[in-house]
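Read through the structure below, which is laid out as structure tokens, and then see the notes.
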Amino acid sequence: MLTIGLSHYLALSTMLFMIGLCGIVFNRRNVIVILLAIELILLAANINFVAFSSFGSLIEGQVMAMIVLTVAAAETSVGLAILVVAFRQRLSVDVSDLAALKG
Amino acid sequence: MIEAVIFYMFAFVLMAAAAACVSVRQPVLAVLSLILCFFNAAGLMVLLGAEFLAFVVLIVYVGAVAVLFLFVVMMLDVRAPAAEPKKRQRFLRPAFAVVTAILFLEILVVVFSSLSASDVAPVIEADFENTRLLGQVLYTDYIYPFQMAGLLLLVGMIGAMALTLTKRKEVKRQKLWDQLDRRAGEVLEVRSVKTGEGLL
């Protein structure tokens, strides 16, 4: 319990991933919360990468974590831009209002 | 010992902030707890010996992404909606609850069964310089992923601008091509005016 191993970090990142997944699945009212949950999931992936990089003494995991960071930043900017455009059209950020593709 | 205490502190606050982030009703509070998440994740990365990445996480996430979220949340004037689950979504909730509970149990089993197992300690050499090590591989071995990441950021930037750019009708704009298309012969005329008389 007192020595922190790789499995602790893996368990932590899995729990973070699950919280993010629950945020997407359960919480279906707000698009902003879904974007925040995606950020949490990417953060969990980053913690996983860094943990493996540190415990395996390989620097490559941190390179991949930086690339995940870049993807998260680009995804956030485009997602929020889409959100702004959708809000201009429908005056709401509710998920159930964005059902135009359902036909 | 002290490392375990620090790990559990960061991990507990990270979990609590993440749970608050997805469950809180007001979007501003959700974004603020996401910022708390990022701070604790950066602390965990420092604990893992990845200092450079920890500060990059702070700069990128807290400095750019969270501010972007806050800006959008404040600009959009989102009201906290009343919670009313739709009927056809209601059957999904028990299913996902069961799946989530099973996964959490699995995690607990993994954690408590691997405590006695010999986990390798993080390898931190005496002359371990995280930033130098990262820089040595990032610009040589991983130059193509690095460039692709830059290209991705460019695409994201152009996409965000192209999506949100609007032309307002009531604002008068300069029409550059109309101005450049004008010829002197079409709009100007030379007349000889007699002394003492006007053009008319």
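Close Cβ contacts (under 9 Å, 6 or more residues apart or on different chains) running from residues in the range A:57-82 that are more than 7 Å from every other protein chain (Cβ to nearest Cβ) and modelled with pLDDT under 90 to residues that are buried (at least 20 other Cβ atoms within 10 Å of the Cβ) and not in a helix (DSSP H, G or I) comprise A:G61/B:A50.
B:V110 falls short on exactly one of the conditions (1) modelled with pLDDT under 80; (2) part of a loop (DSSP other than H, G, I, E, B), and that condition is (2).
Each residue in the range A:83-93 was checked for being facing chain B (nearest Cβ under 7 Å) and at positive phi, and 0 of them qualify.
For the range B:154-175, a tally of residues being facing chain A (nearest Cβ under 10 Å) and either over 23 Å from A:A86 (Cβ atoms) or touching a residue at least 24 places away in the same chain (Cβ under 8 Å) (or both) returns 1.
Do any helices (runs of 4 or more DSSP H) entirely within the range B:14-90 hold 3 or more residues that are under 30 Å from A:F55 (Cα atoms) and at pLDDT 90 or above, and if so, which? Explain how you work it out, then say what you get.
Values: elements: B:27-47, B:51-57, B:66-76.
Where helices (runs of 4 or more DSSP H) fall fully within the range B:14-90 and carry at least 3 residues being under 30 Å from A:F55 (Cα atoms) and at pLDDT 90 or above, they are B:27-47, B:51-57.
Evaluated against (1) under 18 Å from B:T131 (Cβ atoms); (2) out of contact with any Pro (no Cβ under 7 Å at 6 or more places or on another chain), B:F12 falls short on exactly one condition, (1).
The values are calculated or read from the model by the stated rules, or taken from the named source; none is laboratory data. The structure displayed is predicted, hence computed values, not measured ones. Note that each Cβ is placed from the backbone with ideal geometry, even for glycine, and that neighbours are counted across all protein chains shown.
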